[in-house]
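The values are calculated or read from the model by the stated rules, or taken from the named source; none is laboratory data. On a predicted model such as this, the values are computed, not experimentally measured, just so you know. Every residue, glycine among them, receives a Cβ derived from its backbone with ideal geometry; neighbour counts consider all protein chains shown. Ligands, DNA and RNA are stripped out before the accessible areas are found, and what is left, the full protein with its side chains, is counted by its heavy atoms. Shrake-Rupley method; radii C 1.70, N 1.55, O 1.52, S 1.80 Å.
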Amino acid sequence: MKILVINAGSSSIKYQMLDMTDESVMASGLVERIGEPSGAVSYKAFPDTDNECKTTLEQPIPEHETGMKLVIDLLIHPEKGVIKDLKEIGAVGHRIVHGGDKFHAPTVVTDEVEQAIEDTILMAPLHNPAHLAGIRTAKRFFPDVPQVVVFDTAFHQTMPPEAYMYAMPYEMYEELRLRRYGAHGTSHKYVAGEAARLLGKQPEECNLITLHLGNGCSMSAVKGGECVDTSMGLTPLAGLIMGTRCGDIDPAVYAFLERAKGLKLSEIDMIMNKKSGLLGLCGMNDMRDIHAAVEKGDEKAELALNMVAYRTRKYIGSYLAALEGKVDAIVFTAGIGENDDIARAMSVQGLEALGISIDQEKNAGRVKEPRAVHADDSRVQIWVIPTNEELEIARQTRELVAG
Ligand code: ADP
């Protein structure tokens with residue numbers, strides 16, 4: 001079965017077409033700057049092979065429908081295309097950032113499902129409207145093909161109430177579903193599944209701590225294949241220190257900044273999401289720049305790096321407790337997790353007494369294929385496993401459609 005995976009953002013469509021007979025990528029690319037004066041489409045056919053064929057188009061793309069049409073024309077193009085007929089596509093899988101507490105698993109799109117995604121817009125005001133645009137566009141182009149939605153929040157729906165509730169008036173939970181939901185669930189689920197396979201166990205047989213460290217960063221405690229805690233909250237602002245987001249903070253900071261500087265809530269929200277984290281601390285949000293600055297003696301960059309590592313270690317400690325000390329492996333993934341050996345080493349530094357020790361040599365460098373990086377005497381294994389959210393979406397889509 002061939003599956004088209006779509007990740008529609010407010011001004012972009014990321015796409016990948018997979019042949020699920022061998023899980024190979026047939027085509028992938030990105031439509032960018034939708035709605036802006038000049039848009040762009042990048043397209044790669046057979047990106048992981050010697051026959052890779054790259055194409056870029058630059059033209060205004062007023063809305064998602066035009067962007068999707070350009071992608072489809074490339075997919076069925078006589079020379080550049082990878083299929084002859086759109087009928088070859090067996091299903092379309094859509095990434096959805098927030099499914100509230102209605103969705104625990106991938107779901108075939110119906111009018112009710114669309115309505116439920118619409119009802120959750122308050123929790124993901126930037127993402128969910130864009131996802132709906134992607135679904136509606138895909139339905140027009142592929143009216144007879146099952147459309148499946150895969151939610152980033154679904155993996156975390158197994159959290160018990162003591163992990164997902166906020167200590168706020170209970171009516172707010174009842175009335176508004178105010179609680180923790182988590183994010184990056186598709187990535188956590190993918191690496192947890194791969195880790196179990198690499199450990200030679202069934203997912204039910206192993207406990208893991210998964211670290212998705214990219215621009216956005218989150219961690220999950222996974223018990224027997226199910227998420228029991230995660231670091232992000234109602235929104236992806238909570239938890240670890242990120243590229244531009246502050247992560248955990250005293251909630252009274254909002255009121256303080258209002259009193260002290262007369263800032264509006266929307267301004268504080270923007271500062272915490274877009275001007276904080278690494279960027280706020282040292283003026284840079286790319287780990288590569290931060291390491292280079294630390295080398296040159298930049299003290300703020302060093303502070304930022306130390307804070308990121310300290311926060312991560314504290315979460316590892318708390319998830320060891322959440323998993324009652326029984327952890328088979330810690331798994332690093334995403335841009336920083338896969339590429340930054342210094343950040344990995346700092347995240348577990350000094351945890352030897354807890355049975356966690358990394359091997360500096362095995363840990364060295366960037367990781368393209370799954371790799372174990374723990375010391376021989378480490379009780380808890382440490383793995384780096386490149387994430388693949390598109391493949392996870394395609395797998396879940398196939399599973400649902402094939403019944
Ligand atoms: P996103 O959350 O946008 O998907 P990624 O998972 O691609 O982000 O992670 C992007 C981040 O990964 C960059 O901002 C950078 O900090 C980090 N990164 C990427 N490559 C490297 C590298 N070679 N060394 C250190 N950090 C890296």
*Quick one: accessible surface of L30, probe radius 1.4 Å, all protein chains present, in square angstrom to the nearest 10.*
50
*Pairing the Cα long axis of helix 299-322 with the longest principal axis of the chain, what angle in degrees results, from 0 to 90 and rounded to the nearest 10?*
90
*Sort out the exposed loop trypsin sites (Lys or Arg not before Pro) in the chain (DSSP loop, at most 11 other Cβ within 10 Å) and tell me the longest stretch that has none.*
85-263
*Cα shape, the stretch 37-121, gyration tensor, a/c 1.5 rule*: prolate
_Per residue of the stretch 385-401, what does 6.51 cos²θ - 1.76 cosθ + 1.60 with θ = phi - 60° give for ³J(HN,Hα)? Whole Hz please, x for Gly and Pro, Karplus curve as stated._
10, x, 7, 8, 5, 5, 5, 5, 5, 5, 4, 5, 5, 4, 4, 5, 6
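Within the accessible area of the stretch 352-393, what % is carbon and sulfur when the probe is 1.4 Å and the other protein chains stay in place? Intermediate values should be presented prior to the final figure.
Values: 1030 of 2210 Å².
Solvent-exposed carbon and sulfur of the stretch 352-393 make up 47 percent of the total.
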*Work out from phi, with θ = phi - 60° and the Karplus expression 6.51 cos²θ - 1.76 cosθ + 1.60, the ³J(HN,Hα) of each residue of the stretch 25-32, listed in order in whole Hz, and give x for Gly and Pro.*
8, 8, 7, 8, x, 8, 9, 10
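Among DSSP bridges having both ends in the chain, what percentage is antiparallel? Round to the nearest 5. Intermediate results must be reported in sequence, preceding the final value.
Values: 43 of 62 bridges.
The answer is about 70 percent antiparallel.
Could you order the peptides 383-394, 246-257, 160-171 from most to least packed, using the average number of other C-beta atoms within 10 Å per residue? It would help to have the intermediate numbers written out before the result.
Values: 383-394: 23.3, 246-257: 13.9, 160-171: 11.7.
Highest mean packing first, the order is 383-394, 246-257, 160-171.
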*Compute the separation of the alpha-carbon centres of the stretch 236-272 and the stretch 43-118 and state it in Å as a whole number.*
35
*From the backbone phi of the stretch 75-81, what are the Karplus-calculated ³J(HN,Hα) couplings (6.51 cos²θ - 1.76 cosθ + 1.60, θ = phi - 60°) in whole Hz, Gly and Pro given as x?*
4, 10, 4, x, 9, 8, x
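When the accessible area of the stretch 1-154 is split by element with a 1.4 Å probe, what percent falls to carbon and sulfur? Working shown, then result.
Values: 3680 of 7010 Å².
Within the stretch 1-154, the accessible surface is 52 percent carbon and sulfur.
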*Determine which lysines satisfy two conditions relative to K80: a Cα distance under 19 Å, and not lying fewer than 8 residues away in the same chain.*
K2, K14, K44, K54, K69
_Using the crude model of +1 on Lys and Arg Cβ and -1 on Asp and Glu Cβ, and no other charge, please compute the dipole size for the stretch 121-257 relative to its Cα centre, in debye to 20._
520
*asked:* How much length would be gained if the chain were fully extended between E295 and E79, taking 0.36 nm per residue of separation minus their Cα-Cα distance, in nm to one decimal?
replied: 72.9 nm
*For the Cα atoms of the chain, what angle does the longest principal axis make with the long axis of helix 127-141, in degrees from 0 to 90, nearest 10?*
20
*Have a look at V294, V380, V308 and tell me which one the Gaussian network model of the chain (Cα, springs below 10 Å) gives the largest fluctuation.*
V294
_Can you list residues from other chains, or at least 5 along the same chain, whose modelled amide H is less than 5 Å from the amide H of A375?_
S357, I358, D359
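Just for the stretch 19-163, what percent of DSSP beta bridges are antiparallel, to the closest 5?
Working: 16 of 21 bridges.
For the stretch 19-163, the DSSP antiparallel bridge percentage is about 75.
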*Near the amide H of T107, under 5 Å away, which other amide H atoms are found, from residues 5 or more places off or on another chain, if H is placed in the peptide plane?*
V149
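First measure r as the distance between the Cβ atoms of K87 and Y173, then evaluate 1/(1 + (r/R0)^6) with R0 = 35 Å and state the FRET efficiency to the nearest 0.05.
Details: r = 46 Å, r/R0 = 1.32.
With R0 = 35 Å, the Cβ-Cβ based efficiency is 0.15.
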*Among S231, S357, S42, determine the one that fluctuates most according to a GNM of the chain built with springs between C-alpha atoms less than 10 Å apart.*
S42
*Can you tell me the 0 to 90 degree angle between the C-alpha axis of helix 265-274 and the longest principal axis of the chain, rounded to 10?*
90
_Amide proton proximity set for S231, modelled H, under 5 Å, gap of 5+_ = M219
